[in-house]
Amino acid sequence: PSISPLQISRAVDILAEIMDCELLDMGERGEVIARLLLMLAYDQAVEREQSRVVTPFYSQGCKLNNFIKALFTPEIADRILDSSPDDSRSKFKLRDAFADAFVRFTHFVKMDDAAGSTINAMYAAFLRGMAAIYHHDAGVDIAIPVFLRGVFDGVIRQGAMTAVLIRLMHPLRPHDLKSAARLMIDQADVDLFP
């Protein structure tokens, strides 16, 4: 099974109706579209991993690498998965370092305070199967919890958690793309890890 063009078309039609009614301001429109794209990629990754199952269990999650492959074109996904940390002498590629990492989210929940951007919050979010939407001054717009299955013998706990942090630029201007620093998310600003 896979997401049919009809399902995608219907989701886009619903969003178009909402946007035509001007129920959302311009910034919120981009955020809603981003969340739809993330959900569609997640659903597609789960369906690919569970291709032998008649009805996929979306709450079981999927591998982070497969989520990235579903979210981006093959060329961009490979560039992301073949990247290595800027601040380390390690040449581990993301695809290898996170080969056993899982994402799991079936919905989004708005976080109202800084406590929502902690590793404990990501642990709770993973258990609940949710991704977090942050307030606009947090430096991050969306956080998707990631379980590092290879840590602590596969036991789900705070120390085995991290997150995919997403910043949506409002609006993205051509000069923003020329400077990687403008697109970076600094852990010190987010305070995800203790």
Scope region 54-71; condition open to solvent by 40 Å² or more (accessible area, probe 1.4 Å) and either in contact (Cβ under 8 Å) with a residue 12 or more places away in the chain or of a type in the set (S, T, N, Q) (or both); matching residues: Val54, Thr55, Tyr58, Ser59, Gln60, Lys63, Asn66, Lys69, Leu71
Counting only residues that are modelled with pLDDT under 70 and outside any loop (DSSP other than H, G, I, E, B), which one in region 20-31 is least open to solvent (accessible area, probe 1.4 Å)? Gly27
When you go through (1) assigned to a helix (DSSP H, G or I); (2) under 25 Å from Ala163 (Cβ atoms); (3) at pLDDT 75 or above one by one for Asp13, which number turns out not to apply? (2)
Being assigned to a helix (DSSP H, G or I) and either modelled with pLDDT of 85 or more or surrounded by fewer than 13 Cβ atoms within 10 Å (Cβ to Cβ) (or both) is the requirement here; does Ala181 meet it? yes
Assess whether Phe57 counts as being of a type in the set (Phe, Trp, Tyr) and modelled with pLDDT of 95 or more. no
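Yes or no, residue by residue, for (1) open to solvent by less than 60 Å² (accessible area, probe 1.4 Å); (2) modelled with pLDDT under 90; (3) not β-branched (Val, Ile, Thr):
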site: Asp87; (1), (2), (3): no, yes, yes
site: Lys91; (1), (2), (3): no, yes, yes
site: Asp100; (1), (2), (3): no, no, yes
site: Thr106; (1), (2), (3): no, no, no
site: Ala114; (1), (2), (3): no, yes, yes
site: Ala121; (1), (2), (3): yes, yes, yes
site: Arg128; (1), (2), (3): no, no, yes
site: Ala131; (1), (2), (3): yes, no, yes
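The values are calculated or read from the model by the stated rules, or taken from the named source; none is laboratory data. Note that the structure is a prediction, hence the values are computed from the model and not measured. For neighbour counting, all protein chains shown are included, and Cβ atoms are generated from backbone atoms with ideal geometry for every residue, glycine included. The protein model used for the area step is the full one, side chains on, heavy atoms only, and it has no ligands, DNA or RNA in it. Shrake-Rupley method; radii C 1.70, N 1.55, O 1.52, S 1.80 Å.
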